[in-house]
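Participant: If you scroll down you'll find the structure; I have some questions about it.
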Amino acid sequence: MKIHASITDFPLLSHLEEFFKNFSNAGVEGVEIVLGVKSRWKIQKLKYFSKKYKLPIASLHQPAWSGVGLYFDEEIGEIAQELGVKYMVFHPLAFHSFDSRAMKNYFQRLSKIQEKYGIHVMLENMPNDIAYKKLHQFPQKNTLIPHMEKISEIADEYGLLLTYDVSHAELKKPQNEKIFQDMFSHIGNIHMSSFNKNQHHLPLSMGDLDSKGFLTYLKNKKYNGLLTLEVYYPKLGLVLDRYDFSAIEDSVKIAKEILGK
């Protein structure tokens with residue numbers, strides 16, 4: 001099980017090479033690229049940095065503009081082929097319910113893209129925030145579990161895999177929860193981070209997640225999907241804040257201690 005980390009557009013003043021270089025120094029073994037203004041039209045640079053720093057691009061994440069329904073951007077399937085990537089993360093549409101016509105059309109398109117480009121589409125569970133409020137319209141007080149049940153049902157219906165985002169799920173010990181055990185065989189990617197009641201995407205050395213217990217479970221179960229650190233600490237600033245690479249390094253050390261690397 002290799003340890004990957006996510007590269008996004010943010011902070012905006014950072015550079016792609018800065019992430020590849022510092023992730024490599026931190027012991028990361030591969031990356032997930034969240035396609036955006038820095039990377040969407042710079043495929044040759046991605047290939048160059050990947051080779052230079054010996055960090056394979058293991059997965060792609062859809063651009064923000066496709067997740068909010070502004071532009072579907074099917075050309076990202078061609079990018080995946082050019083980069084040799086077989087796994088791509090997609091969110092459910094923001095500001096839509098699971099049963100809306102737009103959402104159903106969206107899932108159908110994801111299924112067709114998967115077949116057309118020979119990739120695995122991995123549908124991600126989302127937090128109960130303003131953009132995804134309509135995905136949490138269940139009678140239960142805590143809607144995160146029925147939300148994940150619905151995501152799993154949809155993935156099965158359309159032949160997709162799952163991305164399990166640890167922070168979005170807010171389960172302190174996922175390994176002990178029936179919903180995670182039920183999802184496990186269909187998970188192609190785990191977005192790994194810790195969390196507390198105020199903040200998501202913390203390093204594994206902080207927050208409420210039983211990081212060591214969870215990683216031990218994955219090891220014992222011989223999990224063979226992707227493990228992708230999504231650590232944005234102390235926060236993922238939009239412009240001036242610098243990314244804290246020491247937080248990634250700490251998380252990599254904890255993961256390798258458990259996984260035996």
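The values are calculated or read from the model by the stated rules, or taken from the named source; none is laboratory data. These figures come from a predicted structure and were not determined experimentally. As a convention, Cβ positions derive from the backbone with ideal geometry for all residues, glycine included, and neighbour counts pool all protein chains shown. Calculation scope for accessible area: heavy atoms of the full protein, side chains included, ligands and nucleic acids excluded. Shrake-Rupley method; radii C 1.70, N 1.55, O 1.52, S 1.80 Å.
Participant: With an 8 Å cut-off on Cα pairs and a minimum separation of 6 or more residues, tell me the relative contact order of the chain in percent.
Facilitator: 20
Participant: Could you please state how large a percent of the accessible area of the range 43-141 is carbon and sulfur, counting protein chains only and using a 1.4 Å probe?
Facilitator: Answer for the range 43-141: carbon and sulfur cover 55 percent of the accessible area.
Participant: Count the lysine pairs in the range 66-144 whose Cα atoms sit under 21 Å apart, keeping only pairs 8 or more residues apart in sequence or on different chains. Write down the numbers at each step before the final one.
Facilitator: Working: K86/K112; K86/K116; K104/K112; K104/K116; K104/K133; K104/K134; K133/K141.
Number of lysine pairs found: 7.
Participant: Further, regarding this structure: Roll a 1.4 Å probe over the protein chains and send me the accessible area per residue for the range 1-61 in Å².
Facilitator: Averaged over the residues of the range 1-61, the accessible area is 44 Å².
Participant: What percent do you get for the relative contact order of the range 67-150 when only Cα pairs under 8 Å and 6+ apart count?
Facilitator: For the range 67-150, the relative contact order is 30 percent.
Participant: Now for a separate question. Show me the helices of the chain, taken as full DSSP H stretches, that run 15 Å or more along their long axis by Cα and average 0.5 or above in Kyte-Doolittle hydropathy.
Facilitator: Qualifying helices: 245-259.
Participant: While we're looking at this one, here's another question. Mind checking which of A94, A102, A80 has the largest fluctuation in a GNM of the chain, springs on alpha carbons under 10 Å?
Facilitator: A102
Participant: Let me ask you something else. Peptides 36-43, 206-213: what's the order by average Cβ count within 10 Å, highest mean first?
Facilitator: 206-213, 36-43
Participant: Using a Gaussian network model on the chain with a 10 Å cutoff between Cα atoms, which of I57, I154, I130 fluctuates the most?
Facilitator: Checking each option, the largest mean-square fluctuation is seen for I130.
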